[in-house]
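Have a look at the structure below, then the notes.
The values are calculated or read from the model by the stated rules, or taken from the named source; none is laboratory data. Fair warning: this is a prediction, and the values are worked out from it, not measured in the lab. Areas reflect the complete protein model, heavy atoms only, side chains present, ligands, DNA and RNA absent. Shrake-Rupley method; radii C 1.70, N 1.55, O 1.52, S 1.80 Å.
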Amino acid sequence: MWTLRAGLPIVAVGALLTACGAAPSREEVEADVDQAVESETPASPEQWGTQSDAGAVQVGWIETFNDPALTRLVTEAQANN
């Protein structure tokens, strides 16, 4: 009976040390995350990487949609940004 009680802390410490040694390193985790992001992120359309020839954004452009609700939402968003 005494040998079981004396051996229990040794077994517990051994189990804890084994669990700590089995954890992956920070570099391994970061590499796994980077790889997952690259493999799951879709490629952007090619035209998104080119500059537009449309010119500068005109003041009042939102009114060209003739939508009072949209104009109100954009104005509110700009005021609270």
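Structural remarks
- So LEU17, is it modelled with pLDDT of 80 or more and open to solvent by 100 Å² or more (accessible area, probe 1.4 Å): no
- Test: residue in the range 24-38 that is at pLDDT 80 or above, assigned to a helix (DSSP H, G or I) and within 30 Å of THR75 (Cα to Cα): no
- Criterion (modelled with pLDDT of 80 or more and either aliphatic (A, V, I, L, M) or open to solvent by less than 100 Å² (accessible area, probe 1.4 Å) (or both)) met by exactly one of GLY49, GLY60, GLY7: GLY60
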